[in-house]
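Here's the structure, in structure tokens; my notes come after.
Where a number appears in this text, it was derived from the coordinates with a stated rule and is not lab data. Values in this document were obtained by computation on a predicted structure and should not be read as measured data. In this analysis, Cβ positions are derived from the backbone assuming ideal geometry, glycine residues included, and neighbour counts consider all displayed protein chains.
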Amino acid sequence: MTTAIRAEILKLTTIRLPLGLLATGTALTAAMAALTAAQAGSGASMADAPLDTAAGLTGLLSTTYFAMIMAMVLGVTTATSEFRHSTATLTYLATPHRARVLAAKTITAFGFGLIFGLAGAAITTAVGLGFTAAKGYHVTLAATTIARYGAGAILGSGLLASLGAGLGSLIRSQLAAVITVFLWAFLAENTLGGLFHPLAPYLPFMAATSLAGSPPPGGKPLPFAAATLLIAGITAITGAVAARTTAQADIS
Amino acid sequence: MTVIEVRGLTKRFGPVLAVDDVSFHADRGTVTGFLGPNGAGKTTTLRMLLGLIEPTGGTATINGRAYRDLPGPVHQVGAVLEATSFHPGRTARDHLRVQAAAGQVGASRVSEVLELAGLAGAAHRRIGGFSLGMRQRLGLATALLGDPGALILDEPANGLDPDGVRWLRGLLRGLAAGGRTVLVSSHILAEVAQIADHVIILDHGRLITQATLTELTARAGQVVRIRTPRAAQLHAALAAAGQRAHMAGPDRLEVTGCTPEQAGTLAAQLAIPIYECAAQAPSLEEVFFHLTAAPASQPPQEMPR
């Protein structure tokens, strides 16, 4: 397994896409954090609560979702690029046990996802604390809470990246898989969560962002451990289904 | 010693029978040419051999085991299946580093195979900018990474320039001379004729024949080509004597199944002057078209590659 993981790490560090996705994720996170900070307390629709309230600072700190979704896209591409560029043939020639390849991709995507989450958390924390200090506000959240949101963003990014690897193996088409991720995260979950509040905490992207402090519609997120287990479980089920279909698929 | 063995291999894609009960083998130290028209089932057979496509029936083994059960497969089998199996954004060296890591091959081997494939100068270039010929060379370099005992190559000469084709010919002959087993599919029959010891011919998913190149051409029978000003008269005489002769021109005949001595003696008895009379073994191309002629007259089914 370590051999397959080493190969997967090398695959991601020898192309430019991961850096591009990281740059995009961090840039969007920084822009959204700055915008949220600038509008906090202004009465604008995006963020009404001022930064000297727990709700306002939490709203800013939880803008890590762009980094998180880019982590998931990275996870998707670890699998789909094999089919897009027909490198699956060489991958399966070197490692004929396809479930092992998928496991290596899932683990590698998790590791890279942590980096995306770390970058996102670092940016939102720096922007949040920077704006709070610049405006002379008292930091209304405990250090442990800020650290928990940061850890949640990191862990959530890792888990979503792993889920992306499984999803990419199932869908195979890179374009279709990436579109699915965005439609699911921004449209389907918001629609479902908005219509059925009790369901919202159990939706995977909302569960992941709730780890980073973003409350789901209805305002009742799952406890940290439960949300983590939920996403890990969905990832495991997706991975198991993907492993089964991949093992049976003809690579032509 | 048999290294690659295929028995009763069958693959059905829905209603299409792509490979139908095919059996053959390839031995150590030989180059085996794997021939067939487009859609004959060559690529499907090779992919089944490499565990990439699940057979509907039959077995395919390398060194006595299915590919998926081979320990350290890239050290036992190297394969080139398509010239597009590369991430275009990766450099040639990085591509090989990835494959070396996946196959547990020492990093030093990367430079060796780049040199062997004549790509040392392009090692740091992105593959997206490579020509088809360079991609083929990189594919061969990838196949040779693990210094395998068997090579399975699908149309490796595609896109190579004449220098590249000569290089490939020398490489494959050298590998076979070194005791490796080479199974190479190709549609360039003249190339196969120059490098192959054995030939397997597939058509419409079925094995037509497996034989050595010498057996194959001998089996097809030699053709005696005759030039005479009284070709029609000699044609009639040969036909009356039970020979298969046909007019190849107003003063030319081609006779199958007889010797130049027999044809010359008959001409002498009839006082027919002969300007030329020579026996010629059929080329691999002639044998190939002879063997695949009948099925080829049927409209070919579209088959997955």
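Worth pointing out:
- Ranked B:Cys258, B:Cys277, criterion: other C-beta atoms within 10 Å, fewest first: B:Cys277, B:Cys258
- GNM flexibility winner over chain A from A:Ser214, A:Ser169, A:Ser42 (Cα, springs under 10 Å): A:Ser42
- Nitroxide proxy distance, nm - points 7 Å out along Cα→Cβ at B:Arg28 and A:His138: 8.4 nm
- Kirkwood Rh and Cα Rg combined as Rg/Rh, the protein assembly as shown: 1.19
- Shape call, the range A:1-42: gyration tensor on alpha carbons, a/c limit 1.5: prolate
- B:Asp251-B:Thr56 pseudo-label distance in nm [points 7 Å out on the Cα-to-Cβ vector]: 5.6 nm
- Cα-based helix-to-principal-axis angle, B:162-177 vs chain B, degrees rounded to 10: 80 degrees
- Using R0 = 25 Å, the C-beta based FRET efficiency linking A:Arg100 and A:Ser173 works out to 0.60.
- Solvent-free Debye scattering, log10 I(q)/I(0), computed from the Cα coordinates of the range A:167-252 at q = 0.10 Å⁻¹: -0.30
- Rounded to the nearest 20, the Cβ-based charge dipole of the range B:139-273 about its Cα centre (Lys and Arg +1, Asp and Glu -1) stands at 500 debye.
- Neighbour counts of C-beta atoms inside 10 Å place B:Val16, B:Val6, B:Val98, B:Val105 in the sequence B:Val16, B:Val105, B:Val6, B:Val98, starting with the fewest.
- Using a cutoff of 8 angstrom between alpha carbon atoms and counting only pairs six or more residues apart, the relative contact order for chain A works out to 24 percent.
- Adding -39500 (n - 2.57) for every DSSP H run of four residues or longer, then dividing by how many residues chain A holds, sets the calculated 222 nm ellipticity at -24500 deg cm²/dmol.
- With a 10 Å cut-off around each Cβ of B:45-51, the average count of Cβ atoms from other chains is 2.
- Taking only alpha carbon atoms, the range B:155-296 gives an Rg to Rh ratio of 1.10, where Rh is the Kirkwood radius.
- Distance from the Cα centroid of the range B:131-207 to that of the range A:49-76 is 55 Å (rounded to whole angstrom).
- Choice from B:Gly164, B:Gly205, B:Gly41 showing the highest fluctuation, given a GNM over chain B with Cα pairs closer than 10 Å: B:Gly164
- Kirkwood-based shape ratio for the range A:2-248, expressed as Rg/Rh from alpha carbons: 1.01
- Euclidean distance between Cα centres, the range A:161-194 to the range B:26-102, Å: 33 Å
- Descending semi-axes in Å of chain B, equivalent ellipsoid built from Cα gyration tensor: 44, 22, 17
- Think of it as helices only: each DSSP H run of n ≥ 4 in chain B is worth -39500 (n - 2.57), and spread over all residues that comes to -10500 deg cm²/dmol at 222 nm.
- Alpha carbon convex hull of the range A:153-198, projected area averaged over orientations, nm²: 3.8 nm²
- Panel order for A:Ser162, A:Ser210, by other beta carbons found within 10 Å of each beta carbon, from fewest to most: A:Ser210, A:Ser162.
- Judged by the ratio a/c of the largest to the smallest principal axis of the C-alpha gyration tensor, the range B:1-73 counts as oblate, that ratio being 1.5 or greater while a/b is no larger than b/c.
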